[in-house]
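The structure under discussion appears below in the form of structure tokens.
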Protein chains: 2
Amino acid sequence: MINPFTDEYFMKKALQEAEAAFDKGEIPVGAIIVIDNKIIARSHNLTELLNDVTAHAEMQSITAAANFLGGKYLIGCTLYVTLEPCQMCAGALYWSQISKIVYGATDDNRGYVKMGTQLHPKTKVVNGILADEAADLMKRFFAEKRK
Amino acid sequence: MINPFTDEYFMKKALQEAEAAFDKGEIPVGAIIVIDNKIIARSHNLTELLNDVTAHAEMQSITAAANFLGGKYLIGCTLYVTLEPCQMCAGALYWSQISKIVYGATDDNRGYVKMGTQLHPKTKVVNGILADEAADLMKRFFAEKRK
């Protein structure tokens, strides 16, 4: 039997969130958190609407998933996010001890890899899933902003 | 005329917040944000009560100050926090472009300095203000936890 719950499957859901951000004029980044193939959090960047630099997609999903689980540690969970997390989000993910992070496009300027942010030693990372789709959405957003 | 608004003056307010965290059984870290000698945000660590790793004192104050100001950038603001910020909080402060950070005790294990987190180039940092008081509160907290 084919397993429908691939990383691509869940990243498509995160991309839908990124598109929702795009439609609101927010930098288009979306995230979801999954446990046992069940989506327990969905969010997209809301820094403009909320006037709040902490309102990145990942931060909202971390809070929502912990609320769902009734505990602050996200052991057994996977975060899917369309763009590589920043220092802040990677730092929050460190504290959460999340089991897996899957991201799409890399952020060569402000991504956690270049910035040297440490994740929890137990956290596995997969990247490049639907990266072109995520990057295209970002490019389209900034092209429209420049108009 | 003597200026009453010293770094010690404001750090005492942050310490009061840390004591409030202590009384709730939270790791005792407190923070305030000041602009033009006016306190516009006060907060203390609430990670246990809220079941949320993102509920550090600094994160709450960043959100509250931006809400007060009606804009997400904290230019002209100073954060007073009793303990050296972690990666997550330093990453949030980076995005906020806050003008000044004053912290008390250092965190040699998980502080942003050791972790190599980058602050915004325009952010000035002062440390060691009422550091002994902040560190004593932390030691007292963990000593009671071990009982």
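Quick note: the coordinates plus some simple rules give every number you see, no bench work behind them. Worth saying up front: this structure is predicted, and the values here are computed from it rather than measured. Positions of Cβ are backbone-derived with ideal geometry, glycine not excepted, and every protein chain shown enters the neighbour counts.
Based on this model, can you work out whether B:LEU46 counts as within 14 Å of another protein chain (Cβ to nearest Cβ) and over 14 Å from the mean Cα position of the chain (by Cα)? Spelling it out, it is not the case that B:LEU46 is within 14 Å of another protein chain (Cβ to nearest Cβ) and over 14 Å from the mean Cα position of the chain (by Cα).
Among residues belonging to the stretch B:108-141 that are in a helix (DSSP H, G or I) and in contact (Cβ under 8 Å) with a residue 40 or more places away in the chain, point out the one that is farthest from the other protein chains (Cβ to nearest Cβ). The extreme case among them is B:GLU133. When A:LYS72 is tested against (1) of a type in the set (D, E, K, R); (2) more than 14 Å from chain B (Cβ to nearest Cβ); (3) farther than 24 Å from A:GLU144 by Cβ, exactly one condition is not met: (2).
Every residue, every condition in (1) surrounded by 22 or more Cβ atoms within 10 Å (Cβ to Cβ); (2) not polar (S, T, N, Q), yes or no:
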{"position": "A:PRO85", "(1), (2)": "yes, yes"}
{"position": "A:ALA92", "(1), (2)": "yes, yes"}
{"position": "A:GLN97", "(1), (2)": "no, no"}
{"position": "A:ILE101", "(1), (2)": "yes, yes"}
{"position": "A:ASN109", "(1), (2)": "no, no"}
{"position": "A:TYR112", "(1), (2)": "yes, yes"}
{"position": "A:GLN118", "(1), (2)": "no, no"}
{"position": "A:THR123", "(1), (2)": "no, no"}
{"position": "A:VAL126", "(1), (2)": "no, yes"}
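Test A:TYR94 against the stated conditions and say whether it is under 22 Å from A:ARG110 (Cα atoms), more than 10 Å from chain B (Cβ to nearest Cβ) and aromatic (Phe, Trp, Tyr). Judged against the criteria, A:TYR94 is not a match. Please indicate, with yes or no, whether at least one residue in the stretch A:19-26 is within 19 Å of A:GLY111 (Cβ to Cβ) and within 14 Å of chain B (Cβ to nearest Cβ). Yes.
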